Amino acid sequence: MKRNYTKPELDQILDGVVARVREEEIEAATVSDAATRVWARVSTESAQAATAPQSTAGAVEHIRNCADFQALIPDYLGGELTPARTLLFEDHTLECIPCRKALKLARTGGASVATRAVRPKAKQSTNWQITPSFRRWAIAATLVLCVGLTALVFVNRFNSGNAIAATIDAADGAVYHISEADTDALAAGAKLKQGERIRTAKESGAVLQLADNSLVEMRERSEIYLTESSVGTTIHLERGNVIVQAAKQRERHLYVATPDSLVSVTGTIFSVNSGTKGSRVSVVEGEVRVKHSNREEVLHPGDQAMTSRSIEPIPVKQEIAWSRNAEQYAKLLTELTALRNDLNNRVPRPGVRYSTRFLDMLPESTVLYAALPNLAQTLSESHRIMQERISQNPALSQWWKEHQHGPRGPELEQAIQQVREFGQYLGEEIVVSAELNGRGEPGGFLVLGELKDAAGFRPFVEQLKARLATEAKGGPALQLVDDPSAAVEGAAKNNLYVWIRGDFFAASPDLAQLRRLAASLNAPGTNRFVGSPFHTRIAEIYREGASLVVAADLEKITARVMQDESQKNNGQQRVETFRQLGLLNLKHFVVEQKDVAPHKTQSRAALTFGDTQRGIASWLAAPGPMGALDYISPDAHMAAAFVVKDPALLVDDL
């Protein structure tokens, strides 16, 4: 029967076995026989080593530099290196680009690798070379830059740390300032600096007014602190629930950061609830962007986002029921949600277009293309419905006056009226194109648009011309053109020529552009832009359905830029560097946006290359998750990320 031993029993057995092994006496004859066998084997191997041809590795007694490592390549490929040198060699080639290239060359049967301990002199190269003088200046510049950035960060933190970040506008119950050394009670009127933590006790609450007049209402058992940066203010919610009335932000943002999410707004009302399971964000008014788990959600009134599946969604009204302004928020939420549904159901959205008549009219030298839907009806109807509901509801009326209308209200009304007047004469599409002028800059702009009321469009342009002449001093002078070939250049510096032909119009600040367009229309089949790669790429977009399209012919733009660059000092070297990086293989860049389902918009950007075997195109891999984005600070000004096939390829090319 099998017996199960306890740990003490097993330890006792093991100790006994070890003791017997130590105490065992070995006979002298046994030890002598073993020594004789070892000596015989050592002698045999020494003799074989003496008669064997010496490998190239034996010539490298000490490994001091890359030349020594490269001398070991033949023996490494032949498997003749010792395990220690093999490990050392592989570790070095992982970090050293020249040695890795030499190894790759030897494996592919290229030029033989030198086995001398002295590295051959480098051949003259057209690539940039870093001289000792340049290296010293680069090191000095790097040190100055690091010291400057460090000083800037230090000064910013020192100055911002003394600034008042918020004031307690109201305090109900026990509200505390928490620090590592002490806990102090706070009352209404207390000032808070950046980084100072504030916590509400059970059955307590507080309202904070930030420096930008935003209001933060804290629920019981909540804890926050504030930080400031050049991009905006961040409310760090450690735990609990807050409701934020964000003031209008012009160039900055207001953020709420929780352990697993980042909320970004420019002016709205929303709630953030953070606990051990995750965070829940609910929107009362405005637009809120929530980033979590490598993705971003855009929320509108009545929407809610959870960062974990373990968090159950609840009605937004229930989420904000604890607030002192709960009734006001509930009414506003109800009206804004109804307004949103009304706009989605009643306002016509621009449709998807599968062809365009204007693509074949563009000049051969076109490098920029933009196609816009006529949004006049959409904007006009949206504004009408909003004004209708605002006039009927006191809550919406008050909200519009306080948050949206403001002192620039009359200007908004006038702008919408002008869009409505202009759009009623147009068809469903407006196209804008541009060329490169003699200085390599965008020029030769051409605007083409369909007309559904050509008879009424001419009087409208005449009225607009007269209004601009009296109201916009120094602005563009409109000039109607009946026949571009017979038209005369205007005397004004800024002219905008408008040519109405049948059921479409063409406008350009360059009269010669309209003349070329007229000549092309009078001679069908002569436009060389038709069938060009750029023309074909844009036509593909329309076959898939287009709404908003912006495209650039990078092949032509890059060729012109490289032509100008090559004429400068050391220009050929820079052009060759761009070629190695694959920048000369850029073809087209396209950005498009369209509705793919009810209330669902698709936005896409595509960059195409002519050669995918070298440079940037050969580095990039298929789209995939980017976990590194989770570590980017919310205070960052700019961030870029990409997925590569093999980092070694990128490093080798660079």
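A few comments on the model shown:
- Within region 247-318, strands (runs of 3 or more DSSP E) holding 2 or more residues that are among the acidic types (Asp, Glu) and either modelled with pLDDT of 90 or more or in the same structural domain as THR227 (by TED's automatic domain parsing) (or both): 295-299
- Residue check for GLY456: out of contact with any Lys or Arg (no Cβ under 6 Å at 6 or more places or on another chain), assigned to a helix (DSSP H, G or I) and in contact (Cβ under 8 Å) with a residue 24 or more places away in the chain: yes
- Boolean, GLU364 is more than 30 Å from ALA507 (Cβ to Cβ) and either modelled with pLDDT of 85 or more or of a type in the set (D, E, K, R) (or both): no
- Looking at THR266, THR276, just one residue is among the β-branched types (Val, Ile, Thr), closer than 23 Å to SER308 by Cβ and surrounded by fewer than 21 Cβ atoms within 10 Å (Cβ to Cβ), and that residue is THR276.
- Filter result (in contact (Cβ under 8 Å) with a residue 60 or more places away in the chain and over 17 Å from VAL419 (Cα atoms)) within region 370-390: ALA370, ALA371
- Checking each residue in region 275-287 for being among the hydroxyl-bearing types (Ser, Thr, Tyr) and within 12 Å of ILE243 (Cα to Cα) picks out only SER282.
- In region 185-228, the qualifying residues are those that are part of a loop (DSSP other than H, G, I, E, B) and aliphatic (A, V, I, L, M), and the one that is modelled with the lowest pLDDT is ALA211.
- Flag for SER547 being polar (S, T, N, Q), within 28 Å of ASN294 (Cβ to Cβ) and modelled with pLDDT of 85 or more: yes
- Among the criteria (1) outside the structural domain of ASN213 (by TED's automatic domain parsing); (2) loosely packed, with under 14 Cβ neighbours inside 10 Å; (3) under 30 Å from GLU540 (Cα atoms); (4) not hydrophobic (A, V, I, L, M, F, W, C), the one PRO350 does not fulfil is (2).
- Scanning region 312-330 for residues that are in contact (Cβ under 8 Å) with a residue 60 or more places away in the chain and surrounded by fewer than 15 Cβ atoms within 10 Å (Cβ to Cβ) returns TRP322, ARG324.
- Summed over region 322-348, the residues that are more than 24 Å from ASP260 (Cβ to Cβ) and not in a helix (DSSP H, G or I) give a count of 4.
Matching residues to (1) buried (at least 17 other Cβ atoms within 10 Å of the Cβ); (2) among the hydroxyl-bearing types (Ser, Thr, Tyr):
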| residue | (1), (2) |
| --- | --- |
| ARG516 | yes, no |
| LEU521 | no, no |
| PHE534 | yes, no |
| ALA551 | yes, no |
| LEU554 | yes, no |
| ARG560 | no, no |
| VAL575 | yes, no |
| SER603 | no, yes |
| ALA606 | no, no |
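The values are calculated or read from the model by the stated rules, or taken from the named source; none is laboratory data. Computed from a predicted structure; not experimentally measured. No Cβ is skipped: glycine too gets one built from the backbone with ideal geometry, and neighbour counts run over all protein chains shown.
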